[in-house]
Amino acid sequence: MLSRTHTLARRLRALRGDAALRDAEGVFVAEGVHLALEALAAGAAIEAAVVSRRLVESAEGRDLALRLLAAGIEVHESSEATLDGLQDARSPQPVLLVVRRAPASLGAVVTGRGGPPILVVACGVQEPGNLGALMRTADAAAATGFLATPGSA
C-alpha cells in the first residue's frame, strides 16, 4: 500500500506543483481512467501507476487495471485519502499515471502531416475526460500538435 511518505507519493506531489520539474524530467501526470486508457492506446511510456480500490468498481476500471498489469507497468495501490492528496482534478480520480513525454519537434508541428498544420490548444480544461475527448478529436482531425495551458487537467 502506497503511503503519503512513499518515494513515489512525494515525487507526484512535487510534479503536481512544479511545471519546471515536469519539464526537466520529461514527464506528465495523467489523472483518470479515460486518460490512462488513452495513454495505453497511444503506446505511451508509462513509468508508474497509482490506483485506489475504487478503480475496479467499473468495468472500464477493471479493464484498465488488467491492461496496466499486462503491460508490465509498476502499479501501486493507495488509500482514497492518499490518492486524493496527489491529484489536481476537481473530482477525485481512481488512477494516476506518471507518463514519459514523447519528444516533439517544432518542425513536425509546423509542417503538418502532409497537409496544413493544425494546432489544438486546450485552455483551462479541468476535467480529464474532457481533455481526453479534445485529444481524441484533435487526433481524428489529424492535428499536428496539442497544447494544454497551465491550469488544465
List the residues whose amide H sits under 5 Å from the amide H of Ala48, counting only those 5 or more places along or on another chain, with H placed 1.01 Å from N in the peptide plane.
Val98
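Could you tell me which GluC sites (Glu not before Pro) in the stretch 21-129 are loop residues by DSSP with no more than 13 other beta carbons within 10 angstrom of their beta carbon? Intermediate values should be presented prior to the final figure.
Values: sites: Glu25, Glu31, Glu38, Glu47, Glu57, Glu60, Glu74, Glu77, Glu80; in loops: none.
Loop-located and lightly packed - none at all.
Could you work out the mean projected area of the convex hull around the alpha carbons of the stretch 1-107, in square nanometres to one decimal?
Numbers: hull surface 27.9 nm².
Averaged projected area of the stretch 1-107's Cα convex hull equals 7.0 nm².
Leaving out ligands and nucleic acids, note down the accessible area per residue over the stretch 92-153 with a 1.4 angstrom probe, in whole Å². Present the calculation step by step, with values, prior to reporting the outcome.
Working: 3530 Å² over 62 residues.
With the other protein chains kept in place, the stretch 92-153 gives 57 Å² per residue.
Among the trypsin sites (Lys or Arg not before Pro) within the stretch 1-50, which fall in a DSSP loop and have no more than 16 other Cβ atoms within 10 Å of their own Cβ?
Details: sites: Arg4, Arg10, Arg11, Arg13, Arg16, Arg22; in loops: Arg4.
Filter output for the stretch 1-50: Arg4.
Counting only protein heavy atoms, what percent of the accessible surface of the stretch 1-58 is carbon or sulfur at a 1.4 Å probe? Show your work: numbers first, answer last.
On the way: 1590 of 3000 Å².
Solvent-exposed carbon and sulfur of the stretch 1-58 make up 53 percent of the total.
Report, in debye and to the nearest 20, how large the dipole of the chain comes out about its Cα centre when Lys and Arg carry +1 and Asp and Glu carry -1 on their Cβ.
Values: 15 positive and 16 negative charges, 37 e Å.
So the magnitude is around 180 debye.
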What is the angle, in °, between the Cα long axis of helix 128-140 and the longest principal axis of the Cα atoms in the chain? Nearest 10 is fine, range 0 to 90.
30
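Using only the alpha carbons of the stretch 78-144, what is the convex hull's orientation-averaged projected area in square nanometres? If you can, show how the numbers build up before the last one.
Values: hull surface 22.6 nm².
Across all orientations, the stretch 78-144 yields a mean hull projection of 5.6 nm².
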Lys/Arg +1, Asp/Glu -1 at C-beta; the chain dipole; positive extreme among Pro92, Pro117, His34:
Pro117
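The values are calculated or read from the model by the stated rules, or taken from the named source; none is laboratory data. Because the structure is a prediction, the values reported are computed rather than measured. Cβ atoms come from the backbone with ideal geometry, glycine included; neighbour counts cover every protein chain shown. Note: accessible area is taken over every heavy atom of the protein model, side chains too, but ligands, DNA and RNA are not part of it. Shrake-Rupley method; radii C 1.70, N 1.55, O 1.52, S 1.80 Å.
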